[in-house]
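Q: The following block contains the structure, expressed as structure tokens.
The values are calculated or read from the model by the stated rules, or taken from the named source; none is laboratory data. Note that this is a predicted model, so its numbers are computed, not measured. Here Cβ is always computed from backbone atoms with ideal geometry, including for glycine, and neighbour counts include all displayed protein chains.
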Amino acid sequence: MSVPSFPRCLAALLYELLLLLAVLAVGLLLPYILLGALANVAAAPWVQRAHFFLLLGLYFIGFWLHGGQTLAMKTWRIRLADKDGGPLRPLQALLRYLAAWPSVCLGIGLLWRFVDPDRQFLHDRIAGTRLEDVKK
């Protein structure tokens with residue numbers, strides 16, 4: 001299978017950010033607003049950060065394990081597979097999620113694609129995964 005172009009991957013990433021706003025609004029903000037309004041209690045900052053990290057982990061790992069595509073990846077016809085083209089194993093999905101944080105946030109993993117012989121991101125190389133084009 002062919003590798004999706006960098007602009008398509010970037011477009012999918014930007015679209016993913018928009019979708020994550022909705023996920024975070026419902027899964028993160030709403031519970032804390034209700035907790036504050038009904039019980040007049042505020043969660044500790046470390047609880048909020050852990051909740052944020054786990055919520056995003058459930059979103060990404062869940063979609064990657066069930067079809068290899070998040071909502072944005074489906075829209076842009078990009079699929080995540082293991083290095084042989086098969087479905088991801090749970091440990092692979094977890095490793096990719098953990099490696100993607102520094103890779104994407106620092107930008108190093110995105111730039112890695114330009115020197116990688118298979119044009120994969122650093123977190124894909126670490127997890128033994130790859131992005132593929134999905135035919136129509």
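Residues are listed down the side, and each one gets a yes or a no for (1) assigned to a loop (DSSP other than H, G, I, E, B); (2) modelled with pLDDT under 95; (3) out of contact with any Ser or Thr (no Cβ under 7 Å at 6 or more places or on another chain):
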residue	(1), (2), (3)
Asp84	yes, yes, yes
Pro87	yes, no, yes
Leu110	no, yes, yes
Asp118	yes, yes, yes
Leu131	no, no, yes
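Q: Hey, Ser2 hits all of (1) touching a helix residue (DSSP H, G or I) at 6+ places or on another chain (Cβ under 7 Å); (2) at pLDDT below 95; (3) not aliphatic (A, V, I, L, M) but one; which does it fall short on?
A: Of everything listed in (1) touching a helix residue (DSSP H, G or I) at 6+ places or on another chain (Cβ under 7 Å); (2) at pLDDT below 95; (3) not aliphatic (A, V, I, L, M), Ser2 misses just condition (1).
Q: Could you say whether any residue in region 62-83 is under 13 Å from the mean Cα position of the chain (by Cα) and exposed (fewer than 14 other Cβ atoms within 10 Å of the Cβ)?
A: yes
Q: Right, here's the next one. So in region 93-129, with the set limited to residues that are among the charged types (D, E, K, R) and within 15 Å of Ile61 (Cα to Cα), which one is surrounded by the most Cβ atoms within 10 Å (Cβ to Cβ)?
A: So in region 93-129, the residues among the charged types (D, E, K, R) come out as 96, 113, 116, 118-119, 124-125.
From what is left, the residues that are within 15 Å of Ile61 (Cα to Cα) are 96, 124.
Values: Arg96: 22, Asp124: 24.
Looking at residues that are among the charged types (D, E, K, R) and within 15 Å of Ile61 (Cα to Cα), I get Asp124.
Q: Tell me, yes or no, whether region 33-55 has at least one residue that is modelled with pLDDT of 90 or more, over 22 Å from His123 (Cα atoms) and touching a Phe, Trp or Tyr at 6+ places or on another chain (Cβ under 9 Å).
A: Yes, region 33-55 contains at least one residue that is modelled with pLDDT of 90 or more, over 22 Å from His123 (Cα atoms) and touching a Phe, Trp or Tyr at 6+ places or on another chain (Cβ under 9 Å).
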